[in-house]
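**Q** Before we start, here is the structure in question, set down as structure tokens.
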DNA sequence: GTAATATTGTTGCCATAGAAACAATAAAAA
DNA sequence: TTTTTATTGTTTCTATGGCAACAATATTAC
């Protein structure tokens with residue numbers, strides 16, 4: 001198998017496997033909250049004063065999907081919307097107290113997941129980790145350019 | 001940001017971006033075929049004599065999802081099912097001629113996508129590429145163990 | 001300023017996938 | 001062999017996201 005192919009296959013199965021493992025834990029500790037809901041709460045928690053369009057482009061989903069999700073999260077009173085005085089079009093979001101609670105639980109789950117995979121990093125030399133991270137960052141920059149040029 | 005976190009964020013946005021870029025090209029060259037359909041055709045093309053359970057565990061989706069997908073692909077006459085004489089339960093699949101055509105188009109698209117990102121690999125030293133690939137492989141093995149132990 | 005264009009958010013319809021209950025069959029235990 | 005358990009594939013219900021049309025508002029061109 002060629003290197004590029006090996007890289008892509010490796011990555012996608014890696015993330016598939018993580019998702020599979022994370023789902024069980026999420027299920028038990030964030031019962032009643034769907035992954036997509038938690039993911040959106042996570043984003044809003046990390047980026048206060050953000051609107052539908054920003055969320056959609058950062059999360060690589062359509063505005064429609066975000067619009068539906070934010071409506072649902074508002075119905076569950078996990079986020080609240082607000083507007084700024086000189087713009088009647090854009091709608092911004094922030095977490096409610098209940099939303100922050102979910103955010104914190106999710107953060108601690110992330111720590112568990114990190115701990116779960118810690119050994120892989122510990123077994124790897126710092127030089128190799130640096131190579132991996134810089135490669136990923138370089139690849140991301142490459143795609144950013146293509147995405148920008150695409151319109 | 002911690003290394004592990006950086007690694008995970010980098011990977012997931014990387015794949016999100018690729019999906020975004022690939023979608024346009026797929027749309028134009030495999031018009032009328034959904035990504036999930038093509039993905040399944042790809043798997044069956046690469047693994048002849050495979051059944052629902054095998055497909056589902058290899059693609060990390062439920063048997064239900066595979067069952068529906070194979071039904072649809074059969075309705076479109078892209079795959080066909082068959083059974084072996086001493087087993088009335090398991091159902092195997094293979095590509096039809098039409099399915100093989102889709103498979104081949106998809107293969108050539110993959111080449112296009114590889115060409116698109118070739119420069120990233122060319123800019124990287126062989127040693128660094130090796131580090132990246134072996135890290136991903138090590139990480140995958142780690143998760144394989146966890147998945148096996150989970151049941 | 002007004003008109004044309006772009007952006008923002010929403011909605012309806014459809015495709016896809018998970019969960020869980022189920023029937024048919026196979027494998028293991030007795 | 002017979003009974004029990006496990007596996008396989010299917011189906012229903014529900015959740016989610018894309019697409020595309022749309023209304024409201026903002027921005028740009030004139």
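**Q** What do you reckon, is residue B:64 within 12 Å of DNA strand C (Cβ to nearest atom), surrounded by fewer than 16 Cβ atoms within 10 Å (Cβ to Cβ), away from every other protein chain (no Cβ under 14 Å) and in a loop (DSSP other than H, G, I, E, B)?
**A** Values: within 12 Å of DNA strand C (Cβ to nearest atom): yes; surrounded by fewer than 16 Cβ atoms within 10 Å (Cβ to Cβ): yes; away from every other protein chain (no Cβ under 14 Å): yes; in a loop (DSSP other than H, G, I, E, B): no.
In short, no.
**Q** Using the structure shown, decide if residue A:48 is within 10 Å of DNA strand C (Cβ to nearest atom), surrounded by fewer than 18 Cβ atoms within 10 Å (Cβ to Cβ) and closer than 30 Å to residue B:21 by Cα.
**A** no
**Q** Here's a follow-up. Mind checking which pairs have a first residue in the range B:119-139 that is more than 7 Å from chain A (Cβ to nearest Cβ) and closer than 17 Å to residue A:124 by Cβ and a second that is at pLDDT 95 or above and part of a helix (DSSP H, G or I), Cβ under 8 Å, 6 or more apart or different chains?
**A** What qualifies is B:127/A:131; B:134/A:128.
**Q** Can you confirm whether residue B:85 is more than 9 Å from DNA strand D (Cβ to nearest atom), at pLDDT below 95 and assigned to a loop (DSSP other than H, G, I, E, B)?
**A** Yes: the conditions hold for residue B:85.
The values are calculated or read from the model by the stated rules, or taken from the named source; none is laboratory data. These figures come from a predicted structure and were not determined experimentally. Note that we place each Cβ from the backbone using ideal geometry, even for glycine, and neighbour counts take in every protein chain shown.
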